[in-house]
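Colleague: Take a look at this one; I'll ask things after.
The values are calculated or read from the model by the stated rules, or taken from the named source; none is laboratory data. Since we're looking at a predicted model, the values are computed, not measured. So basically every Cβ, Gly included, is an ideal-geometry build from the backbone, and we count neighbours across all protein chains shown.
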Amino acid sequence: MWAVFELKLLADVGLVGFPNAGKSTLLSVVSAAKPEIADYPFTTLVPNLGVIPYRDDRSFVMADIPGIIEGAHEGRGLGLRFLRHIERNSILLFLIPADSEDALKEYKILLNELKLYNPQLLKKDRIVSVSKCDLIDESQKKKIATKLKSHKPIFFSSATGDGLPALKDAIWNLLNKSDD
């Protein structure tokens, strides 16, 4: 008799985004994790976990999974091998890079891939963030904010640290919303 076990990571926060959205960079900046980071798609081939220190000796666990592309639910890219890892995360943190052609379209593609893989994923709490904000000016930031307005995006830069405290606060508050 053979048994097949499928490992699903358990983390508080799962990072969701296209390849090169800044997921691994974020994890490396806010935790002691050292994921491989490079300027080409699918640098992340295995999920990485990091413990994010928060105020007063509190912390939460963040999971960086390989980038999701259109068709991931059908196995395109690294698709099905890693989509399962976000099933056991409390919160989904979507990363849309500031230099994206169309931030709202990118977010909708990511949501659709999750829906097609497992519709239950859309019931999870989520935060929409815009990464790499050091690459744009204020007028571009306003355009993106207007486009994503109903999703209340949090802007941050892993390179400069701008916005990271607000992002960590938003994550912590959402993780602990039932404690209020």
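Colleague: Just a yes or no: is a residue in segment 156-179 outside any loop (DSSP other than H, G, I, E, B), of a type outside the set (A, V, I, L, M), touching a Gly at 6+ places or on another chain (Cβ under 8 Å) and surrounded by 12 or more Cβ atoms within 10 Å (Cβ to Cβ)?
Modeller: No: zero hits.
Colleague: Which one is surrounded by the most Cβ atoms within 10 Å (Cβ to Cβ), of the residues in segment 117-129 that are of a type outside the set (A, V, I, L, M, F, W, C) and in contact with a strand residue (DSSP E or B) (Cβ under 9 Å, 6 or more places away or on another chain)?
Modeller: Per the stated criteria, the residue is Ser129.
Colleague: So which residues in segment 100-116 are within 15 Å of Cys133 (Cα to Cα) and surrounded by fewer than 17 Cβ atoms within 10 Å (Cβ to Cβ), if there are any at all?
Modeller: Hits for segment 100-116 are Glu101, Asp102.
Colleague: For segment 24-39, give me the residue count where each residue is modelled with pLDDT of 90 or more and surrounded by 20 or more Cβ atoms within 10 Å (Cβ to Cβ).
Modeller: 3
Colleague: How about segment 8-23: which of its residues are modelled with pLDDT under 90, buried (at least 22 other Cβ atoms within 10 Å of the Cβ) and farther than 20 Å from Glu101 by Cβ?
Modeller: Listed by number, the list holds a single entry, Ala11.
Colleague: Please give the number of the condition Leu83 fails out of (1) within 14 Å of the chain's Cα centre (by Cα); (2) at pLDDT below 95; (3) farther than 19 Å from Leu27 by Cβ.
Modeller: (3)
Colleague: Within segment 88-97, is there a residue that is in a helix (DSSP H, G or I) and at pLDDT below 90?
Modeller: yes
Colleague: For Met62, which of the numbered conditions (1) more than 22 Å from Ser157 (Cβ to Cβ); (2) modelled with pLDDT of 90 or more; (3) of a type outside the set (Phe, Trp, Tyr) fails to hold?
Modeller: (1)
Colleague: Still on this model: Quick one: Arg55 ticks every box in (1) modelled with pLDDT of 85 or more; (2) touching an Asp or Glu at 6+ places or on another chain (Cβ under 8 Å) bar one, so which box is it?
Modeller: Only one criterion in (1) modelled with pLDDT of 85 or more; (2) touching an Asp or Glu at 6+ places or on another chain (Cβ under 8 Å) is unmet by Arg55, namely (2).
Colleague: Let me ask something else about it. Which of the residues belonging to segment 112-121 are assigned to a helix (DSSP H, G or I) and either modelled with pLDDT under 90 or under 10 Å from Glu87 (Cα atoms) (or both)?
Modeller: Hits for segment 112-121 are Glu113, Leu114, Leu116, Tyr117, Gln120, Leu121.
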